[in-house]
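Asker: Here it is, the structure in full.
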């Protein structure tokens, strides 16, 4: 079972595959990432919040990826869990890829309920703590404290990604 296991011996194509999940969240087959998204197939997505001293949260500035999408502030890192990859390992990989933090140790905080704007994606929320001093991030963004994030959600909700806004409004972040 691939649910909590990370396999080192998967073929090179595994970095382009995701696990399609059944109704209980268990993997039932593998599919290319683009096909899973295009067909709105249920697969796992890791959302990672990076926290610094004083509880400040890094928000990554996401540029448009598709026409019609607006730029927004989003979780520190987000992306698909690849075939054979443990969820926490995916969160760590995403932090390394997005922010250049190779030694982060994300901890699962919540499995979010199904969200209409996320389609069939199953979202898992992780938190990681920034270790050490100054970090040079690869992604554009900013640190905000809890009050600043609440103010953004209340007064400028269109600046936040729909998923981040929902998480702030429902007490997940």
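The values are calculated or read from the model by the stated rules, or taken from the named source; none is laboratory data. All values derive from a computational prediction rather than experimental measurement. All Cβ positions, glycine included, derive from the backbone under ideal geometry; neighbour counts span all protein chains shown.
Asker: Hey, which of the strands (runs of 3 or more DSSP E) in the stretch 90-161, taking only ones fully inside, have at least 2 residues that are more than 18 Å from residue 72 (Cα to Cα) and under 15 Å from the mean Cα position of the chain (by Cα)?
Answerer: 107-111, 122-129
Asker: Okay, moving on. Regarding the stretch 105-118, can at least one residue be identified that is surrounded by 13 or more Cβ atoms within 10 Å (Cβ to Cβ), modelled with pLDDT under 90 and over 17 Å from residue 166 (Cα atoms)?
Answerer: Within the stretch 105-118, not a single residue is surrounded by 13 or more Cβ atoms within 10 Å (Cβ to Cβ), modelled with pLDDT under 90 and over 17 Å from residue 166 (Cα atoms).
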